[in-house]
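K.L.:
One structure follows; several queries about it will come next.
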Amino acid sequence: MQPPAMPRTSVWTAFRGWPRTLTHWLKEAHVRSAEEHSIAGASGDTRSDLPAQWGVPGRSVAHGLTTAEAKARLAQVGPNEPARARRLAPLTQLVQLMTNPLVVILLLAALVSAAVGERVGAVIIVVMVALSIALNFTLSYRSQRAAEELKAQVALTATALRDGQWREVPRSELVPGDVIRLAAGDMIPADAHLLTAQDLHVQQAALTGEALPVQKEAPPAEEGAPSAQAFAGGEHARGEAISPDMRDRVFLGTSVVSGTATAVVTATGRLTAFGEIAARLAERAPETEFDRGIRRFGFLITRTIIFLVFFVFLLRIAAHRDPFESLLFAVALAVGLTPEFLPMITTVTLAQGALRMAREKVIVKNLEAIQNFGSMDVLCSDKTGTLTSAEMTLERVMGLDGRESAHALELAAVNSALQTGIKSPLDTAILRAAPALKAETYTKLGELPFDFERRRLSVVVQSGSQQMLITKGAPEGILPLCSAAERDGHTEPMDAQLLAQCRTIFEQLDAQGARVLAIAYRTVPAAARYTTADERGLVLSGFAAFVDPPLPDAAASLSALRRDGVEVKILTGDSERVAVHICMEVGLDAVRMVTGAQIEHLSETALGQLAERTTIFARVSPAQKQRILAALKSRGHVVGFLGDGINDAPSLHVADVGISVAAAADVAKDAAQIILLERGLGVLHSGILAGRRAFGNVMKYLLMGTSSNFGNMFSMAAASLVLPFLPMLPTQILLNNFLYDLAQVTIPTDNVDESFMRKPHHWDISLIRNFMLFIGPISSLYDFLTFAILLLVFHASEALFHTGWFVESLATQTLVVFVIRTAGNPFRSRPSRALTITVLAVVMAALILPYTPLAVDLGFVPLPALYFGFLAVMTITYLGLVQVAKGVLMRHAAM
């Protein structure tokens, strides 16, 4: 059963190369969506028939909605989900299990059996099918519920005005008319009309293709609020198409880069501008490695079943055997060979892995991500918060004379206190170091928010009669904008000598592992609006140096990841000196380092080769991070990316496994598949091991099931052609298969070898095929030996033959799990208690069945005492031979 997928509505999908013509398509899509809404309302579709008073400004805009109003609207419009995850109702899941082709064939066979008088056989078939469906449904449904509860722990929220108070509510519960509050780092939770906005810049590349943030402004008060129809989407459906770059509107799927705002929700869910796009994206989810593995395994089993069943059926017909009996036998062979519990085993195993990872403080948003997490062999990450504590401390603010600069500290503090964009740890450190600053003596006139291309932030303030632009940011970006600098209490022109001195100062700070910001200013004339063009002719005041010490466990965690086959690469926007200094402190190879400028003009092939050899990438932009990840993936690596900032979201989307933290920006958490509840590589390392454990248990079921089932079914097929009777009755085959599957349902609880946990693993269909083709015949060899002993030594009747082989086949194919579950010596690898109990219980049930009242209906008879001695010898030698063959196959697969 496929676990429900999380809808992917992140704005960063745009970074995968959407053309600018998307704008035109979006307008048409939104018009169609609005028209559908209008038509739905006209036809009486209560889910879309929004009452006109919902949009009337007044009490609801001033005070928000009440809880009762919100619930009533939610019942009419439905959840705020542009592309709702397909969550199957329990009844639908049950119907899907019952309409499985094999189940249908079995039920038809039971119907025919009852019609020709084989009522006992028909009842047994129906009981076996019912038990299989019930077990599959119960365990899969419980696993799905567990997965959904885990996802709920990281569900995105929005700040809405409810009952006159600002509250965090699940985004899925937003409705038209809700008043919401926005701040830097937020994902826009719905289409909305701005009520207030302060220095608001929105990244809406997903809608317009524009790479740079767009400034948004609330409409002037004299224009009034939008009409009721606008809130319901009707006005724009009848008139001009909604443009994604409207200044007074924000749209679902975009994100706030800087500033703050309040807005009233005008459309939610599929009626938003992003709704149709999100729905189309959700339908085109890329195939994961886990999906490919399951699909390729399905093809292998299907081909084997078709060949074996048709071959047996046609040969028996050619031998003039009873057609109906031959059909039942062939169908039973198909069921016996098919690992029909694979969906249940897979879902339960991954869900168990997700629960185990949750105990390790790792939340999985999508069960399929677990296998990719365990298969990850390259982890790319920023150093901040991963190698370091992410708690910056302002070490010093110095001027060009090398002494502390009070003026530079004051300017930096004003910039940090008044900017409304992303509050970085650097701002916090600056304000901690300047607690006595009277920021209220400055009046803010404007702001040029930080972006990841300029790498600086400016505010325009008024102090007394003077207007001043204050800038802080990366020295490399600010120094070229400076025409003068402060030195020894004087302002001097920025000549080549002074510029060289400035570079020497911040490079020395860099080399000491400090994060350096340059602080500059200039007086500006009064203006209605300030732009980046005003960031020129600056006066350099000084440099602020910050330190972010390495985490205490960083070195040990990196060593553990390296030991377990995960190579860590650092992708940072910091300078190469800072990156090298920190990496050396935690034991990473600091020799292999390149900068963003060096990779800018490399081809994808050259970048892939370079990326494999390089540990540190410094001064890389978000776009360059994406290129590095894509290049590593093209080289066959399973790549994870750990990030928590707005600029990390594109890379999280591109990576095989996007990993973020609970305290990350909304856009980062939305793009990630794995959420760490605590920072640090130690938590991540524990999650990787849990993912490997889950994948290892899935592979156990596949290797065991295919080899044992193939061997037994091949034996039955061959015996049915030479024996004067069926080697096992169809009902006995079904019972044998059911008991075998029952013994395996506890595989998800099993322990996994430490050797398996020490390196990443990928789907290996050739290993599964080889186990089936080599271990399977060993099982058949022992089956044929059992046939010979039963016929030649015990002179078995048909019933005794059926009983003897039923017990032998079930004992060998269930006990073999203790051999196949480990790549090494089974006596040194302890299985879980649950697996041991279920396997031994099933073997005991097989031994006892011939002596119970059910024996007559099942066609069993008591076995001679001597047979149990033979059975013990057969089982022990069989397990020993499988151990030898397994070792050969495992060594060959590892080569």
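K.L.:
Restricting to the range 752-775, name every residue that is under 12 Å from residue 689 (Cα atoms), in contact (Cβ under 8 Å) with a residue 40 or more places away in the chain and open to solvent by 30 Å² or more (accessible area, probe 1.4 Å).
P.N.:
Within the range 752-775, 755, 756, 758, 759, 761 meet the criteria.
K.L.:
For the structure I just gave you, tell me whether residue 863 is in a loop (DSSP other than H, G, I, E, B), in contact (Cβ under 8 Å) with a residue 12 or more places away in the chain, surrounded by 12 or more Cβ atoms within 10 Å (Cβ to Cβ) and at negative phi.
P.N.:
yes
K.L.:
Same structure, new question: Just give me the residues in the range 424-461 being surrounded by fewer than 15 Cβ atoms within 10 Å (Cβ to Cβ) and modelled with pLDDT of 85 or more, in sequence order.
P.N.:
Once the filter is applied, which keeps residues that are surrounded by fewer than 15 Cβ atoms within 10 Å (Cβ to Cβ) and modelled with pLDDT of 85 or more, the range 424-461 yields 432, 443.
K.L.:
Is at least one residue of the range 730-750 in contact with a Lys or Arg (Cβ under 7 Å, 6 or more places away or on another chain) and part of a loop (DSSP other than H, G, I, E, B)?
P.N.:
yes
K.L.:
Same structure, new question: Scan the range 606-621 residue by residue and report those that are open to solvent by 10 Å² or more (accessible area, probe 1.4 Å) and either part of a helix (DSSP H, G or I) or out of contact with any helix residue (DSSP H, G or I) (no Cβ under 7 Å at 6 or more places or on another chain) (or both).
P.N.:
Result: 606, 609, 610, 612, 613.
K.L.:
Could you tell me which residue of the range 656-674 is surrounded by the fewest Cβ atoms within 10 Å (Cβ to Cβ), considering only residues that are touching a residue at least 60 places away in the same chain (Cβ under 8 Å) and farther than 11 Å from residue 369 by Cβ?
P.N.:
By that ranking, first place goes to 662.
K.L.:
Does residue 223 qualify as being modelled with pLDDT of 55 or more and of a type outside the set (Val, Ile, Thr)?
P.N.:
The answer is no for residue 223.
K.L.:
Go through the range 477-494 and count every residue that is loosely packed, with under 14 Cβ neighbours inside 10 Å and within 47 Å of the chain's Cα centre (by Cα).
P.N.:
1
K.L.:
Take residue 695 and tell me if it is of a type outside the set (Gly, Ala, Ser), on the phi < 0 side of the Ramachandran plot and part of a helix (DSSP H, G or I).
P.N.:
For residue 695, the condition - of a type outside the set (Gly, Ala, Ser), on the phi < 0 side of the Ramachandran plot and part of a helix (DSSP H, G or I) - is met.
K.L.:
Hey, could you check the range 869-880 for residues that are open to solvent by less than 70 Å² (accessible area, probe 1.4 Å) and among the hydrophobic types (A, V, I, L, M, F, W, C) and say which is nearest to the chain's Cα centre (by Cα)?
P.N.:
Top of the filtered list is 879.
K.L.:
Among the residues of the range 385-411, how many are under 28 Å from residue 621 (Cα atoms), open to solvent by less than 40 Å² (accessible area, probe 1.4 Å) and in a loop (DSSP other than H, G, I, E, B)?
P.N.:
Final tally of qualifying residues: 6.
K.L.:
While we're looking at this one, here's another question. Starting from residues that are without any contact (Cβ under 8 Å) to a residue 40 or more places away in the chain and among the small types (Gly, Ala, Ser), keep the ones in the range 298-325 and report whichever is farthest from residue 776 (Cα to Cα).
P.N.:
Taking the candidates together, the pick is 318.
K.L.:
Among (1) in a loop (DSSP other than H, G, I, E, B); (2) among the hydroxyl-bearing types (Ser, Thr, Tyr); (3) open to solvent by less than 20 Å² (accessible area, probe 1.4 Å), which single condition is residue 557 missing?
P.N.:
(1)
K.L.:
Can you pull out every residue in the range 415-426 that is touching a Lys or Arg at 6+ places or on another chain (Cβ under 9 Å) and not in a loop (DSSP other than H, G, I, E, B)?
P.N.:
Result: 415, 416, 418, 426.
The values are calculated or read from the model by the stated rules, or taken from the named source; none is laboratory data. Bear in mind that the values here come from a model prediction, so they are computed numbers and not experimental data. Cβ atoms come from the backbone with ideal geometry, glycine included; neighbour counts cover every protein chain shown. Just the protein is used for accessible areas: all its heavy atoms, side chains included, with ligands, DNA and RNA removed. Shrake-Rupley method; radii C 1.70, N 1.55, O 1.52, S 1.80 Å.
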